[in-house]
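Participant: Pasting a structure here, questions to come.
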Amino acid sequence: MMNDFITDKKAELIYKGKSYSLPIVIGSEGEVGVDIRSLRAETGLITFDSGYMNTGSCGSEITFLDGEKGILNYRGYSIESLAENCSFAEVAFLLVHGSLPTREELTVFSNLLGGFALIHEDMIHFFDSFPVNAPPMSILSSMVNVLCNYYPEMTENPLENIDMMAARLISKVRTIAAFSYKRSKGLPLIYPRHDYSYCANFLNMMFDSPVNPYEVDEEVVSALNKLLILHADHEQNCSTSAVRLVGSARVNLYASVSAGISALWGPLHGGANQAVIEMLESIHVSGENYKKYIERAKDPKDPFRLVGFGHRVYKSHDPRARIIKKACDQVLGALGISQDPLLDIAREIEEVALRDDYFIERNLYPNVDFYSGIIYRALGIPSNMFTVMFALGRLPGWIAHWKEMWEDPNWRIGRPRQIYTGPVSRPFVKMEDRSCKSSFCPVEETKPGVHCPVCKQDVRK
Ligand code: SDX
């Protein structure tokens, strides 16, 4: 079980001359932590760890990362073996249920995915209310939250219905993503087909047209399966932590996942895959030397970062980036793309950066987002949908973590503490005695008849 990693080993804390023993926890892969759940009660102390760089928020049986060795396992299976041998539906089942499905279980799960592929017809009217250039992640987050209005029956007893809820959400989010793309182009919606697999259905809903039938290409389906598998979970990353934190208040799965989608949207997180392609395209179009971007990334005064590089956990390499980089050649070759200038630029950037002390000293390597856009672009996915693709992949992981938290007998609402650094006990100031904080207010000068443009008052000494 998740909580039997507490050992009889202790860490000692000495504070104000008194010694405190804190239990040591050890995970199944040997990770060691200090259990501080009684710290404040025993010592009056809290820990301070902005960004949670050193803080474990939970015990989890879902995914294991080793940042130093570049290891990623889902439920004990290596990402390499899953990406090579499984379909995305198989891996989604594994993450949510904890074991690889038998053939019969996969058939049932796939049929559920197929059966749940439609969204309520009334939901389609929501697309008409979004501006045509609405960011796809804002549409996705909104529409996923709307699902709990149309399918409330699953929210009352979620764990009894988790199989159905998981299949329903994984299937409908795919349809919402494809429908939002079609609507953004003013094209007729293509409905899901009962005889297509998860990925084939998505591609068909995205690219089929009454006047230009889409031929599902098995190489493309295989590439999409692999990409979604590689994005399917990543332990306590920002968006998964958002799903857990929101869900910890006993919020339903749909609204919790909607929060995760919003967190993933960030350019420091899932939004990076789109930013990488935009960076590569601007280098290609401008004809500029890519080394300029590497120098900018190294300049502490320049806010520019080499998007697709760096990771909070991986300090050797991101195994997913290696798999995707290798898949680029396979997919481009299968699609008859003999040469991709953006891939060439990406490879040159990686080669130069990995020899540069600035990146070496900071353990900055390509992450999952650095090459993924090359493949999405080759599959015909528009760049403003890349982060939506990340969300489609990450969905089973979010569901698995939400379910694990709901099943945890030690469940608590997530509520971090803080160290207050603001003003201390100020006397109250009546309205008439309050001075304008506007930088326009020349309070230090006295110019009779001059009025502050904000508070409109005469200048005051
Ligand atoms: C994802 O957590 C996950 O698992 C996320 C994810 C998942 O599957 O869920 O793996 C998906 O989000 C991948 C990351 C996508 N984001 C990007 O590619 C954006 C660019 N990367 C950086 O913003 C950064 O590397 C982060 C956000 C990914 C990690 O940030 P950290 O861990 O807070 O590291 P940091 O900002 O403290 O950086 C440490 C040093 C700093 O330099 P110094 O102040 O020590 O001199 O490294 C530098 C940073 O300036 N640095 C970079 C850099 N990333 C870090 N310098 C240039 N380019 C970069 N990309």
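The values are calculated or read from the model by the stated rules, or taken from the named source; none is laboratory data. No experiment lies behind these values; they were computed from the predicted model shown. When we count neighbours, we look across all protein chains shown, and the Cβ atoms used for this are built from the backbone with ideal geometry, even at glycine. Areas reflect the complete protein model, heavy atoms only, side chains present, ligands, DNA and RNA absent. Shrake-Rupley method; radii C 1.70, N 1.55, O 1.52, S 1.80 Å.
Participant: In the stretch 303-352, what percent of the accessible surface is made up of carbon and sulfur (1.4 Å probe, ligands and nucleic acids excluded)?
Facilitator: 51 percent
Participant: By average Cβ neighbour count within 10 Å, what is the ranking of 221-234, 134-147, 420-433 from highest down?
Facilitator: Order by mean packing, descending: 221-234, 134-147, 420-433.
Participant: On to the next question. Just how much of D128 is accessible, in Å², when a 1.4 Å probe is used and the result is rounded to the nearest 10?
Facilitator: Surface accessible to solvent at D128 totals approximately 100 Å².
Participant: Still on this structure, I have one more. Scan the stretch 7-51 for trypsin sites (Lys or Arg not before Pro) in coil per DSSP, keeping those whose Cβ has at most 16 other Cβ atoms within 10 Å, and list them by number.
Facilitator: Passing both the DSSP loop test and the Cβ count: K16, R37.
Participant: Sticking with this one: Excluding L280 itself, what net charge comes from residues whose Cβ is under 15 Å from its Cβ, given Lys and Arg +1 and Asp and Glu -1?
Facilitator: -2
Participant: For the stretch 150-257, just the Cα set please: Rg and Dmax, both in angstrom.
Facilitator: For the stretch 150-257, the Cα radius of gyration and maximum Cα-Cα distance read 16.3, 48 Å.
Participant: Something else about it: For the stretch 181-230, compute the orientation-averaged projected area of the C-alpha convex hull (one quarter of its surface), in nm².
Facilitator: 3.8 nm²
Participant: Moving on. Please report, as a whole percent, how much of the solvent-accessible surface of the stretch 12-118 comes from carbon and sulfur atoms (probe radius 1.4 Å).
Facilitator: 52 percent
Participant: Still on this structure, I have one more. Stick to the Cα atoms of the stretch 119-174, pair each with every other, and give me the Kirkwood hydrodynamic radius in Å at one decimal.
Facilitator: Every distinct Cα pair counted, the radius reaches 12.3 Å.
Participant: Just to check I understand the Karplus step: with θ = phi - 60° and J = 6.51 cos²θ - 1.76 cosθ + 1.60, what whole-Hz values come out for the stretch 355-368, glycine and proline as x?
Facilitator: 9, 9, 4, 4, 7, 5, 4, 9, 6, 9, 10, x, 9, 4
Participant: Once every Cα of the stretch 301-364 carries one equal point scatterer and solvent is ignored, give the base-10 log of I(q)/I(0) from the Debye formula at q = 0.15 Å⁻¹, two decimals.
Facilitator: For the requested q values the scattering log ratios are -0.57.
Participant: Which Cys in the chain stand alone, with every other cysteine's Cβ at 4.7 Å or more from theirs?
Facilitator: By the Cβ distance rule, which asks for a partner under 4.7 Å, the isolated cysteines are C58, C86, C148, C199, C238, C328.
Participant: Whole-Hz Karplus ³J(HN,Hα) for the stretch 338-348, in order, using 6.51 cos²θ - 1.76 cosθ + 1.60 and θ = phi - 60°, x for Gly and Pro?
Facilitator: Per residue, the Karplus-derived 3J(HN,Hα) values read 6, 8, 10, x, 6, 5, 4, 5, 4, 5, 5 Hz.
Participant: Might you tell me the accessible area per residue for the stretch 94-181, computed with a 1.4 Å probe and given in Å²?
Facilitator: Averaged over the residues of the stretch 94-181, the accessible area is 43 Å².
Participant: Beyond 14 Å, how much of the Cα-Cα pair distribution for the stretch 78-154 remains, as a whole percent?
Facilitator: Percentage above 14 Å: 72.
Participant: Give the residue list of GluC sites (Glu not before Pro) in the stretch 238-329 that are DSSP loop and have at most 11 other beta-carbon atoms within 10 angstrom.
Facilitator: Counting only loop positions with at most 11 other Cβ atoms within 10 Å, the GluC sites (Glu not before Pro) in the stretch 238-329 are E288.
Participant: Starting from a Cα-only point model with no solvent, please compute log10 I(q)/I(0) by Debye for the chain at q = 0.06, 0.10, 0.14 1/Å.
Facilitator: -0.33, -0.83, -1.34
Participant: Would you mind counting up the charge near M143? Only other residues with Cβ under 13 Å from its Cβ, with Lys and Arg at +1 and Asp and Glu at -1.
Facilitator: Result for the local shell: +1.
Participant: Apply the a/c threshold of 1.5 to the C-alpha gyration tensor of the stretch 313-421 and tell me whether it is rounded, prolate or oblate.
Facilitator: Oblate shape, in that a/c is at least 1.5 and b/c is the bigger or equal ratio.
Participant: For a distance above 18 Å, tell me the whole-number percent of Cα pairs in the stretch 83-226 that qualify.
Facilitator: So the portion of pairs separated by more than 18 Å is 59 percent.
Participant: Using a cut-off of 12 Å between beta-carbons, work out the net charge of the residues near I24 (Lys and Arg +1, Asp and Glu -1, I24 not included).
Facilitator: Its environment carries a net charge of -2.
Participant: For W411, W265, W402, what's the largest-to-smallest order of accessible area, 1.4 Å probe?
Facilitator: My answer, sorted largest first, is W265, W411, W402.
Participant: Moving on. Averaged across orientations, what area in nm² does the convex hull of the alpha carbons in the stretch 359-440 project?
Facilitator: 14.3 nm²
Participant: Another one. Going by amide H atoms built from the backbone, whose H comes under 5 Å of the H on G310, apart from near neighbours?
Facilitator: So G310 has HN proximity to Y365, N367.
Participant: A further question follows. Calculate, for the stretch 338-404, the solvent-accessible area per residue in square angstrom, rolling a 1.4 angstrom probe over the heavy atoms of the protein chains.
Facilitator: Solvent-accessible surface per residue comes out at 30 Å².
Participant: Cα convex hull of the stretch 29-96: mean projected area in nm², to one decimal?
Facilitator: 6.3 nm²
Participant: Counting only protein heavy atoms, what percent of the accessible surface of the stretch 360-459 is carbon or sulfur at a 1.4 Å probe?
Facilitator: Ligands and nucleic acids excluded, carbon and sulfur give 54 percent.
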